[in-house]
Amino acid sequence: MKKLIAFILSAVLIAAVFAGCGSGESKSSENSAKKQKLTFVLDWTPNTNHTGLYVAQEKGYFDEENLEVEIVQPPEDGAEALVGSGKAEFCVSFQDTMIPAITGKNALPIEAVAAVLQHNTSGIVSRKGEGMDTPKGLEGKKYATWDIPIEQATLRQVVEDDGGDFDKVEMIPSTVTDEVSALKSKSVDAIWIFYGWAGIAAEQAKLDIDYFAFKDINPVFDYYTPVIVGNTDWMKKNPETAKSFLKALKKGYEFAIDNPDDAADILCKAAPELDESLVKASQKYMAKQYKAEVEQWGYINPERWNAFYSWVNENKLCDETLAENLGFTNDYLSK
């Protein structure tokens, strides 16, 4: 009898629960069924350029937009190729290095849709006190080069504008994976870095360095690096989904701006192999770079974008002339 009463009570309770929550569960299942799956390709291993992405994932900002976002590592032929082929919707790229992907007969249908950082934080790092605090000081020194035409043309421009002889810079093929170790060992004298990661790493390692930023030498080099790139064809067919993705991503980066320490914890949780002290220090630096002086995260200034591509044209660094406003749009950004 007790078992029968217990069974009846259990049945009544379960029925009540389903009666009270059934509509919510149905709605939840419906939302889940409608959830749009997207693939996002990194440019490299996880770092503080990507924090907003991981925050949006962790804090449920993508869920709020009914999006399911898979974050993947780039293939050997690059993130742009994966997005351009339609196998992924978005990736991280850079205004300078994406040029080959958006030009020529085999140009990919991709374009930048948001600036991760508002300014180019890259420049040249060297050991302190060895005379490389200005571009001219690179004369006679060993520079680790990627052997990329735009890279070397940039270096030539700043060295010669500073009164130096670029041909006297010793170009060493770069095998650098750890800038701090490379400088300490003196295998190279100067390295192109992004200060928000490698520069902060040098600070953390208590390595005394000299550094100059390209944008401070010549404003034409204040181009956009890195940027979020999307598949143009897919975005035209799915404009609201593209806007929803960027809306969630914007919330992720704005959280990182307001809460750098918490954002660093989220990144470290997603990528536990990272050095926590480096991530924390880098995140504090990057919090001031994501929007800098602009009000709208992700905004790409057409004048700055076009100024750099005009410089590429003037220096004949591309087989074809880069058209004005080629390769970017602000159309999918939320205010």
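The values are calculated or read from the model by the stated rules, or taken from the named source; none is laboratory data. It should be emphasised that the depicted structure is a prediction, and the values quoted were computed from it without experimental measurement. Here the Cβ is made from the backbone with ideal geometry for all residues, glycine too, and neighbour counts use every protein chain on show.
Please verify whether Glu80 is out of contact with any Asp or Glu (no Cβ under 7 Å at 6 or more places or on another chain) and either in contact (Cβ under 8 Å) with a residue 40 or more places away in the chain or not assigned by TED's automatic domain parsing to the domain that holds Lys288 (or both), treating the condition exactly as stated.
Criteria met by Glu80.
All but one of (1) assigned to a loop (DSSP other than H, G, I, E, B); (2) of a type in the set (A, V, I, L, M, F, W, C); (3) in contact (Cβ under 8 Å) with a residue 12 or more places away in the chain; (4) out of contact with any strand residue (DSSP E or B) (no Cβ under 7 Å at 6 or more places or on another chain) hold for Val158; state the number of the condition that does not hold.
Against the list (1) assigned to a loop (DSSP other than H, G, I, E, B); (2) of a type in the set (A, V, I, L, M, F, W, C); (3) in contact (Cβ under 8 Å) with a residue 12 or more places away in the chain; (4) out of contact with any strand residue (DSSP E or B) (no Cβ under 7 Å at 6 or more places or on another chain), Val158 comes up short only on (1).
Going through Ile228, Ile150, Ile200 one at a time, which residue ends up being part of a helix (DSSP H, G or I), within 30 Å of Asp331 (Cβ to Cβ) and β-branched (Val, Ile, Thr)?
Matching residue, one of Ile228, Ile150, Ile200: Ile150.
Can you tell me how many residues in segment 311-335 are outside any loop (DSSP other than H, G, I, E, B) and either surrounded by 20 or more Cβ atoms within 10 Å (Cβ to Cβ) or touching a residue at least 40 places away in the same chain (Cβ under 8 Å) (or both)?
Count: 3.
Run down Leu274, Leu207, Leu267 and say which single residue is within 15 Å of the chain's Cα centre (by Cα) and surrounded by 16 or more Cβ atoms within 10 Å (Cβ to Cβ).
Answer to the selection: Leu267.
So Gly163 passes all but one of these: (1) without any contact (Cβ under 8 Å) to a residue 40 or more places away in the chain; (2) part of a helix (DSSP H, G or I). Which condition number does it fail?
Against the list (1) without any contact (Cβ under 8 Å) to a residue 40 or more places away in the chain; (2) part of a helix (DSSP H, G or I), Gly163 comes up short only on (2).
Identify all residues within segment 44-65 that are crowded, with 24+ Cβ neighbours inside 10 Å and of a type in the set (A, V, I, L, M, F, W, C); write none if there are none.
Leu53, Val55, Ala56, Phe62
Can you tell me which residues in segment 69-82 are modelled with pLDDT of 95 or more, more than 19 Å from Ala271 (Cα to Cα) and out of contact with any Cys (no Cβ under 9 Å at 6 or more places or on another chain)?
Ala81, the sole residue that qualifies.
Keeping to segment 284-296, report how many residues are part of a loop (DSSP other than H, G, I, E, B) and out of contact with any Gly (no Cβ under 8 Å at 6 or more places or on another chain).
Count: 7.
Find all pairs meeting these conditions: Cβ atoms under 6 angstrom apart; at least six residues apart or on different chains; first residue within segment 254-276 and closer than 9 Å to Pro46 by Cβ; second residue β-branched (Val, Ile, Thr) and crowded, with 17+ Cβ neighbours inside 10 Å.
Between residues of segment 254-276 that are closer than 9 Å to Pro46 by Cβ and residues that are β-branched (Val, Ile, Thr) and crowded, with 17+ Cβ neighbours inside 10 Å, the close pairs are Leu267/Thr51; Leu267/Val279.
Applying the selection to segment 30-76, what residues are assigned to a loop (DSSP other than H, G, I, E, B) and touching a residue at least 60 places away in the same chain (Cβ under 8 Å)?
Those that are assigned to a loop (DSSP other than H, G, I, E, B) and touching a residue at least 60 places away in the same chain (Cβ under 8 Å): Asp43, Thr45, Pro46, Asn47, Thr48, Asn49, His50, Lys59, Glu65, Asn66.
Thr145 versus (1) surrounded by fewer than 20 Cβ atoms within 10 Å (Cβ to Cβ); (2) closer than 30 Å to Tyr299 by Cβ: which is the lone unmet condition?
Exception for Thr145: condition (2).
Please specify each residue of segment 284-298 satisfying the condition of being at positive phi and crowded, with 17+ Cβ neighbours inside 10 Å.
Across segment 284-298, the qualifying residue is only Gly298.
Let me confirm something: among Ser126, Ser93, which residue is small (Gly, Ala, Ser), surrounded by 21 or more Cβ atoms within 10 Å (Cβ to Cβ) and more than 26 Å from Phe328 (Cβ to Cβ)?
None of the others qualify; the one that does is Ser126.
Looking at this structure, is Val279 of a type in the set (A, V, I, L, M) and under 30 Å from Gln157 (Cβ atoms)?
Judged against the criteria, Val279 is not a match.
For the structure I just gave you, tell me whether Tyr253 is of a type outside the set (S, T, N, Q), part of a loop (DSSP other than H, G, I, E, B) and crowded, with 23+ Cβ neighbours inside 10 Å.
Taking the combined requirement at face value, the residue does not satisfy it.
Quick check on Ala101: is it under 19 Å from Trp305 (Cβ atoms) and either in contact with a Pro (Cβ under 8 Å, 6 or more places away or on another chain) or in contact (Cβ under 8 Å) with a residue 24 or more places away in the chain (or both)?
no
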